[in-house]
Amino acid sequence: MTREQIAAMFDRRRAAFDRQDAAALAADYTADCTVESPSGGTHHGPAAAEHVLAHVFEALDVTLRRESVIIDGCSVAEVVSIEGKDVGNFLGLPPTGKSFQVPGVFLYELKDGRIAHERRIYDFTAMLIQTGLLKAKPA
């Protein structure tokens, strides 16, 4: 893929995320993909990716604000701000209605025009504390 094709793919993915379209996002993965996420764990294959994304969209009113995208050959790094509110059954817990905002970086390896590996890095603990799902002792 050219750099322009990769950039267009990630623009399309951002639009699908904004629509909370788990199926459209999952269609971009290879059949043997691996996705690593602090909240979703490690899962393999587009069906598992779609399942995890659908759960996230159901449990969290979440948006990604893209700060930058770095494309180097078939490697992509996307720097984002993850913002949202706990509105559903996130991690099997009742919704708190509280908001969160954490920085994140998503790293991708592409193969044959699809995502073969995705690693999501963000402060999951801060997200849990901000939503009230995890209590922290004051210093």
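The table for this structure:
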read-out: Any pair with Cβ under 7 angstrom, 6 or more apart, that starts in region 83-110 at a residue that is within 28 Å of Ala31 (Cβ to Cβ) and ends at one that is of a type in the set (Ser, Thr, Tyr) and surrounded by 14 or more Cβ atoms within 10 Å (Cβ to Cβ); value: Gly104/Tyr122
read-out: Any pair with Cβ under 6 angstrom, 6 or more apart, that starts in region 32-49 at a residue that is farther than 19 Å from Pro103 by Cβ and ends at one that is in a helix (DSSP H, G or I) and among the small types (Gly, Ala, Ser); value: Val35/Ala49; Pro46/Ala26; Ala49/Ala26
read-out: From the options Glu50, Glu118, residue that is buried (at least 17 other Cβ atoms within 10 Å of the Cβ) and assigned to a helix (DSSP H, G or I); value: Glu50
read-out: Residues (assigned to a helix (DSSP H, G or I) and surrounded by 18 or more Cβ atoms within 10 Å (Cβ to Cβ)) located in region 21-34; value: Ala22, Leu25, Ala26
read-out: Filtered residue count, region 67-95, keeping only those that are part of a loop (DSSP other than H, G, I, E, B) and within 18 Å of the chain's Cα centre (by Cα); value: 3
read-out: Residues (exposed (fewer than 15 other Cβ atoms within 10 Å of the Cβ) and either outside any loop (DSSP other than H, G, I, E, B) or of a type in the set (Phe, Trp, Tyr) (or both)) located in region 122-139; value: Thr125
read-out: Residue identified as farther than 22 Å from Asp11 by Cα and either surrounded by 15 or more Cβ atoms within 10 Å (Cβ to Cβ) or touching a strand residue (DSSP E or B) at 6+ places or on another chain (Cβ under 9 Å) (or both) among Ser37, Ser75, Ser99; value: Ser99
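Where a number appears in this text, it was derived from the coordinates with a stated rule and is not lab data. Model, not experiment: these values are computed from the prediction. Neighbour counts are summed over all protein chains in view; Cβ atoms, including those assigned to glycine, are modelled from backbone coordinates with ideal geometry.
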